[in-house]
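A short worksheet on the structure shown next.
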Amino acid sequence: QVRLVESGGGLVQAGGSLRLSCAASGRTFSYAMGWFRQAPGKEREFVAASRRFVFSTFYADSVKGRFTISRDNAKNTLYLQMNSLELEDTAMYYCAAGETTQYYEKSTYAYWGQGTQVTVSS
């Protein structure tokens with residue numbers, strides 16, 4: 001069983017930065033892990049992911065060059081460094097884990113955290 005707990009969200013001005021953390025319990029090393037977000041009235045969308053075993057990364061076009069995903073396997077923690085935040089980045093951010101190679105597809109992730117709110121103000 002895998003449990004995921006996100007933290008690090010908050011209120012930030014446009015252009016600012018935040019770092020989200022996802023503390024995992026269980027053997028997540030063998031899982032792909034990712035970040036998704038959901039704004040009010042919108043579908044949950046892919047943000048970033050890292051694949052199993054070999055650390056390679058994938059990003060949504062909307063965050064490429066601004067966000068960086070990383071994972072510390074020793075601490076069993078996934079991170080999302082978010083720079084140059086924009087109003088459109090306002091959403092609930094969710095951490096996810098699963099045995100998937102379809103990194104962009106939310107339905108392929110078996111485990112989800114409860115989310116952490118990111119609000120970007122002008």
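The values are calculated or read from the model by the stated rules, or taken from the named source; none is laboratory data. Keep in mind that what you see is a predicted model, and the values were worked out from it rather than measured. Positions of Cβ are backbone-derived with ideal geometry, glycine not excepted, and every protein chain shown enters the neighbour counts. For the accessible areas, the whole protein counts, side chains as well, though only heavy atoms, and no ligand, DNA or RNA atoms are used. Shrake-Rupley method; radii C 1.70, N 1.55, O 1.52, S 1.80 Å.
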**Asked** Which pairs do you get when a residue that is free of Cβ contacts under 8 Å to residues at least 24 places away in the same chain, found in region 105-122, comes within reach of a residue that is open to solvent by 70 Å² or more (accessible area, probe 1.4 Å), reach meaning Cβ atoms under 8 angstrom, with the pair 6+ apart or on two chains?
**Response** 108/102
**Item:** Total residues in region 34-43, condition open to solvent by less than 60 Å² (accessible area, probe 1.4 Å) and assigned to a loop (DSSP other than H, G, I, E, B)
**Value:** 1
**Item:** Extreme residue, farthest from the chain's Cα centre (by Cα), among residues of region 8-25 that are over 24 Å from residue 100 (Cβ atoms) and assigned to a strand (DSSP E or B)
**Value:** 13
**Message:** Filter region 44-63 down to the residues that are surrounded by fewer than 19 Cβ atoms within 10 Å (Cβ to Cβ) and of a type in the set (Val, Ile, Thr) and list them by number.
**Reply:** 54, 57
**Prompt:** Could you count how many residues in region 26-73 are under 10 Å from the mean Cα position of the chain (by Cα) and touching a residue at least 60 places away in the same chain (Cβ under 8 Å)?
**Reply:** 6
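In this structure, does residue 85 turn out to be touching a residue at least 24 places away in the same chain (Cβ under 8 Å), aliphatic (A, V, I, L, M) and more than 22 Å from residue 23 (Cβ to Cβ)?
Details: touching a residue at least 24 places away in the same chain (Cβ under 8 Å): yes; aliphatic (A, V, I, L, M): yes; more than 22 Å from residue 23 (Cβ to Cβ): yes.
Spelling it out, residue 85 is indeed touching a residue at least 24 places away in the same chain (Cβ under 8 Å), aliphatic (A, V, I, L, M) and more than 22 Å from residue 23 (Cβ to Cβ).
Quick check on region 74-97: of everything there that is over 13 Å from the mean Cα position of the chain (by Cα) and closer than 15 Å to residue 5 by Cα, which residue is surrounded by the fewest Cβ atoms within 10 Å (Cβ to Cβ)?
Let us first name the residues in region 74-97 that are over 13 Å from the mean Cα position of the chain (by Cα), namely 74-76, 83-88, 90.
After this cut, where a residue has to be closer than 15 Å to residue 5 by Cα as well, the list is 75-76.
Values: 75: 11, 76: 17.
Taking the candidates together, the pick is 75.
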**Asked** Given 50, 21, 56, 30, which one is of a type outside the set (D, E, K, R) and out of contact with any Phe, Trp or Tyr (no Cβ under 8 Å at 6 or more places or on another chain)?
**Response** 56
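Looking at region 60-99, which of its residues are of a type outside the set (Ser, Thr, Tyr) and touching a Gly at 6+ places or on another chain (Cβ under 6 Å)?
Going residue by residue through region 60-99, those that are of a type outside the set (Ser, Thr, Tyr) are 60-61, 63-67, 69, 71-76, 78, 80-83, 85-89, 91-92, 95-99.
Residues satisfying the conditions are 85, 92, 95, 96.
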